[in-house]
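Participant: Take a look at the following structure, please.
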Amino acid sequence: MVQQKMVMKLTMEDPKKKAKALKTAVGVHGVVSVTLEDDKIVVVGDVDSVDLTRILRKKMGHVDLLSVAENKKEEKKEEKKGAEPVAVTWPSYGPFMQQIPIMIPEDPYYREPTGCIIM
């Protein structure tokens, strides 16, 4: 599923009910974020809106599902600069085997072994 932004209207008179609504919405599997705006609750996540509304109605009473929209906020992926992957190949041992390069990232803490003593 795609992340959705759902806006629901609740009847929340006191801080206890607001806390209960937040706790219930956050407890549903797939919810990414929950915010309160006056008597509305905005839920973002990979959740079925009908199931979330049903769960909130069981806990809170009257709930209206005002809108459901695709979440258009895109997260920027940060790329680490510095260590780049190195291609490593192994020799083949058969008529049908090929050398397949495997990308292994360089380890900045790896040190080549110095003189090994075999006894």
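The values are calculated or read from the model by the stated rules, or taken from the named source; none is laboratory data. Just so we're clear, the structure is a prediction, and the values are computed from it rather than from any experiment. Reconstructed Cβ throughout: ideal geometry from the backbone, glycine too, with neighbour counts over all protein chains shown. Surface accessibility is based on the protein's heavy atoms, side chains included, excluding ligands, DNA and RNA. Shrake-Rupley method; radii C 1.70, N 1.55, O 1.52, S 1.80 Å.
Participant: Of everything in the stretch 10-34 that's under 16 Å from residue 49 (Cβ atoms) and of a type in the set (S, T, N, Q), which residue is most open to solvent (accessible area, probe 1.4 Å)?
Facilitator: Only one residue fits best here, namely 33.
Participant: Turning to a different aspect of this structure: Can you confirm whether residue 103 is assigned to a strand (DSSP E or B), modelled with pLDDT under 90 and either out of contact with any strand residue (DSSP E or B) (no Cβ under 8 Å at 6 or more places or on another chain) or open to solvent by 100 Å² or more (accessible area, probe 1.4 Å) (or both)?
Facilitator: Working: assigned to a strand (DSSP E or B): yes; modelled with pLDDT under 90: yes; either out of contact with any strand residue (DSSP E or B) (no Cβ under 8 Å at 6 or more places or on another chain) or open to solvent by 100 Å² or more (accessible area, probe 1.4 Å) (or both): yes.
Against the criterion (assigned to a strand (DSSP E or B), modelled with pLDDT under 90 and either out of contact with any strand residue (DSSP E or B) (no Cβ under 8 Å at 6 or more places or on another chain) or open to solvent by 100 Å² or more (accessible area, probe 1.4 Å) (or both)), residue 103 qualifies.
Participant: Sticking with this one: Considering 7, 47, 63, which residue is touching a residue at least 60 places away in the same chain (Cβ under 8 Å) and either among the hydrophobic types (A, V, I, L, M, F, W, C) or open to solvent by less than 30 Å² (accessible area, probe 1.4 Å) (or both)? Don't jump to the end; show me each part of the working.
Facilitator: Details: 47 fails: touching a residue at least 60 places away in the same chain (Cβ under 8 Å); 63 fails: touching a residue at least 60 places away in the same chain (Cβ under 8 Å).
After ruling out the rest, the residue left standing is 7.
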